[in-house]
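Note sheet for the following structure.
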Amino acid sequence: MLAIVILAAGKGTRMKSDLPKVLHPLAGKSLIERVLSCTKGLKPDKQLIVIGHQAKVLKESLKSHTDLEFVLQEPQNGTGHAVQQIIPKLKRFNGELLVLNGDVPLLKEETLSSLLKCHKKSNSSVTFLSTSLESPTGYGRVFTNESGLVKEIIEERDCNNEQRKNKLINAGIYCFNWQQLSEILNSLTNQNSQKEIYLTDTISLLRKASHFEVDDPFEVQGINDRHQLSECEVRIQERLKSFWMRKGVSFIDPSSCSLSEDSRFGIDVVIEPQTHLRGKCNIGNGCHLGPGSTINNSTLSNNVLAIHSFINESTIGEGVSIGPFAHVRPNSKIGDNAKIGNFVEIKQSIIGEGTKINHLSYIGDSSLGNNINIGAGTITANFDGKNKHQTIIGNHSKTGANSVLVAPIKIGSNVTIGAGSTISKDIPDKSLVVERSKAIIKTRKS
Ligand code: UD1
Ligand code: MG
C-alpha cells in the first residue's frame with residue numbers, strides 16, 4: 001500500500017508574499033500543481049496534503065483534485081509537526097508513506113518510482129532523495145557512516161562550520177515505512193535553532209536510513225525565496241527553448257521570450273524578441289510570432305503572422321496576418337487568409353476567410369462572412385448599456401471608413417456602406433446604404 005503526503009502548510013516567510021509559497025507560478029504552473037503532477041502515475045491508495053498558512057486559498061485553488069484529502073496543521077510548528085497531523089488519517093494504514101515537500105517542484109515521476117524501488121530493495125525504515133551541491137546553502141546536510149547508511153540530517157542553521165562544508169544535501173523527499181515512522185513520530189522534539197519539530201530528526205531515530213542520490217540537482221531544487229524561483233524559471237525556459245529549437249523553431253533572442261510547457265510548435269516557426277506563449281498553445285508550421293506578441297491558450301494554423309499583438313483564447317486560420325498592435329479577445333475564430341490590422345480589437349467573433357479588418361476597428365459579438373472589407377474605424381456598437389448584441393455581415397460586403405453598426409443588426413452580402421454612416425437597421429443583400437447628414441456649405445464673405 002502507498003500513501004502520499006505533500007507538505008504545504010508553511011508560510012514561506014522568505015518569499016515575502018501574501019500568496020502562499022506553493023501557489024507561486026513557475027512557467028505558468030504553480031509549485032503545488034507541479035508536485036501533484038509527478039505523483040499521478042504512482043496510483044497511491046491515499047493522497048494527503050497538509051495545509052495551514054492561508055489554508056482557505058490553497059484549498060480553493062486545489063478543488064479540482066477530488067482525490068486529495070486536506071489535513072489542517074495549526075499552528076505550523078515544522079515539517080515533523082506537519083507529518084504528525086496525518087496520524088489520525090493513517091490509523092489502519094500499513095505500507096509506504098511518500099513525503100513530498102510542496103516547494104520542490106521539478107521532481108520527475110520516474111525519480112519517485114526509483115526511490116520507491118530502492119527503498120523496498122534495501123529494506124530501510126526510510127529512504128530519501130539527496131544530491132551533491134556546489135553551493136548547498138539553505139539545505140539540511142546528510143551525514144553517513146562507513147557503510148553509506150545515513151546517521152543524521154542536520155539543518156544548515158544547526159550545523160557547525162565543519163558540518164556546513166558537507167555538500168550532500170537532503171532534498172526533502174522521503175519514503176518511510178509508515179509502521180516504523182508512526183512509532184517514533186511523536187517523540188520528536190523542537191530542540192533546534194528554529195524551535196520547530198523537524199521531520200529530518202526522524203532519520204537518526206529510525207532503525208535503518210538510506211539515501212538515494214539524484215544526478216541532476218536541478219530536479220530537487222527547493223524554492224524558498226524569489227531568487228530560487230527565478231533561477232528555476234530561467235532553467236525551465238532554457239530547457240523548453242532548446243527542446244523546441246531541436247524540433248525546428250527559431251528564436252531571434254531566446255532570453256527575451258518565454259514559453260509554457262503546454263505549447264506545441266510545428267516546424268519553421270520564427271519567434272522574434274519579447275514574445276511570450278502562455279497556457280496551451282498550438283502553433284502551426286511557418287508561423288512568425290513577434291516581435292512583442294503574447295499568445296495565450298490559442299491555436300494558430302500554418303503561416304500565421306502576429307506582430308506586436310495579443311491573441312487570447314482564440315483560433316486563427318492559415319495565412320492570417322495579425323497586427324501590429326491588434327488584440328484578439330477570447331472565443332474568436334479568424335478564417336484563413338484574413339487580415340487583422342493595426343489597432344484592431346476583435347472580441348468573441350467569427351471572421352470569415354479572406355476578410356480584411358485593417359485599421360482602427362472594434363468588432364465584438366459578430367459573425368462576419370468571407371472576403372469582407374471592413375473600412376478604417378468601423379465599430380460594432382454591441383452594448384446598449386445593459387446587454388450585448390450580435391452583428392452579422394454577409395460575404396463580400398464593404399463598410400466605409402468610420403461606419404458604426406448598431407447591434408443587433410444584420411448586414412446582407414454584397415452590401416456597401418458609405419463612409420461615416422451609423423446603421424441601426426438590417427440591410428438586405430446587394431444594396432448600397434449611406435446614412436449621413438447633408439453637408440451645409442456656406443461661403444464666408446471675408
Ligand atoms: C527542508 C528540510 C531540509 C531540506 C529542504 C529541501 C526540514 C526540517 N528541513 O528545509 O533538510 O534540505 O527542505 O528543500 O524538513 N511545511 C509545513 N509545515 C510546517 C513547515 C513547513 O507543511 O510547519 C512545509 C512547507 O510548506 C514546505 C515544506 O514543508 O512545502 C518544507 O518547508 P521549508 O520551510 O521550506 O523547509 P526548508 O527550510 O526548505
Ligand atoms: Mg524549503
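The values are calculated or read from the model by the stated rules, or taken from the named source; none is laboratory data. All of these numbers come straight from a predicted model, not from anything done at the bench. For neighbour counting, all protein chains shown are included, and Cβ atoms are generated from backbone atoms with ideal geometry for every residue, glycine included. Note: areas computed on protein heavy atoms with side chains; ligands, DNA, RNA excluded. Shrake-Rupley method; radii C 1.70, N 1.55, O 1.52, S 1.80 Å.
Using only the C-alpha atoms, the convex hull of region 197-264 corresponds to 141 Å³ per residue. With coordinates expressed along the principal axes, the C-alpha atoms belonging to region 227-433 extend over 60, 34, 21 Å, beginning with the largest.
3J(HN,Hα) couplings calculated from phi for region 381-391 with the Karplus curve 6.51 cos²θ - 1.76 cosθ + 1.60 (θ = phi - 60°) are, in sequence order, 8, 9, 10, 9, x, 10, 10, 9, 10, 9, 10 Hz; Gly and Pro show x.
Sequence-distant contacts, meaning Cα pairs under 8 Å at least 6 residues apart, place the relative contact order of region 1-155 at 28 percent. The mean sequence separation of alpha-carbon pairs under 8 Å and at least six residues apart, normalised by the residue count of the chain, gives a relative contact order of 8 percent. When +1 charges are put on Lys and Arg Cβ atoms and -1 charges on Asp and Glu Cβ atoms, the dipole computed for region 227-433 relative to its Cα centre reaches about 300 debye.
Candidates Phe343, Asn170, Phe70 compared by Cα position along the dipole of the chain: farthest toward the positive end lies Phe343, with charges placed on Cβ. Charges were assigned to the Cβ only: +1 to each Lys and Arg, -1 to each Asp and Glu. The resulting dipole of the chain about its Cα centre is roughly 1480 debye.
Dividing the C-alpha radius of gyration of region 184-317 by 2.2 N^0.38 Å, with N its residue count, gives 1.57. Ranking of Met245, Met1 by solvent-accessible surface, largest first: Met1, Met245 (1.4 Å probe, protein heavy atoms only, all chains present). Most tightly packed first, judged by the mean number of other beta-carbon atoms within 10 Å of their residues, the peptides 343-350, 70-77 read 343-350, 70-77. Translational diffusion coefficient, Stokes-Einstein: compute it for region 102-238 using the Kirkwood radius over C-alpha pairs as Rh, at 10 °C and 1.306 mPa s, and state it as an integer in µm² s⁻¹. Translational diffusion coefficient: 102 µm²/s. Listed cross-link partners Lys29/Lys247; Lys21/Lys151; Lys398/Lys425; Lys29/Lys108; Lys151/Lys208; Lys29/Lys59 are compared with a 19 Å cut-off, the Cα-Cα value being larger for Lys29/Lys247; Lys21/Lys151.
Most simply put, the chain has about 20% antiparallel DSSP beta bridges, counting only bridges with both residues inside it.
The aspartates and glutamates within cross-link reach of Lys195, meaning a Cα-to-Cα straight distance under 19 Å and a gap of 8 or more places when in the same chain, are Glu74, Glu152, Glu155, Glu156, Asp158. If a paramagnetic tag sat 7 Å from the Cα of Asn414 along the Cα-Cβ line, which residues of region 364-404 would have the backbone N under 19 Å from that point? Backbone N within reach: 369-374, 393-400. Solvent-accessible surface (1.4 Å probe) assigned to Lys356 amounts to roughly 80 Å². Note that region 54-60 has calculated 3J(HN,Hα) couplings of 6, 3, 4, 4, 5, 4, 4 Hz, one per residue in order, obtained from phi through the Karplus relation 6.51 cos²θ - 1.76 cosθ + 1.60 (θ = phi - 60°); glycine and proline are x. Quotient of the Cα radius of gyration of region 2-224 and 2.2 N^0.38 Å, N being its number of residues: 0.94. Over the residues of the chain, the helix contribution to mean residue ellipticity at 222 nm works out to -4500 deg cm²/dmol, using -39500 (n - 2.57) for each DSSP H run of at least 4. Partners of Lys388 within straight-line reach, counting aspartates and glutamates whose Cα lies under 15 Å from its Cα and excluding those fewer than 8 residues away in the same chain: Asp365.
According to the calculation over all Cα-Cα pairs in region 38-136, the P(r) per 5 Å bin from zero is 2, 9, 19, 23, 22, 15, 7, 3, 0 %. Measuring nothing but alpha carbons in region 268-307 and taking Rh as the Kirkwood radius, the Rg to Rh ratio lands at 0.91. Solvent exposure of Arg239, expressed as accessible area, is near 110 Å², computed with a probe of 1.4 Å over the protein chains only. Helix 109-122 and the long axis of the chain differ in direction by around 10°, with both axes built from C-alpha atoms.
Heavy atoms of the protein only, probe of 1.4 Å, neighbouring chains included. What is the accessible area of Asp67 in Å², nearest 10? Approximately 100 Å² for this residue. Relative to the longest principal axis of the Cα atoms of the chain, the long axis of helix 226-246 lies at roughly 60 degrees. Based on the reciprocal of the average 1/r between different C-alpha atoms, the Kirkwood radius for region 320-446 equals 14.6 Å. The alpha carbon radius of gyration of the chain, expressed as a multiple of 2.2 N^0.38 Å, is 1.35.
Each peptide among 30-42, 289-301, 108-120 gets the average number of other Cβ atoms lying within 10 Å of its residues, and from highest to lowest they stand as 289-301, 30-42, 108-120.
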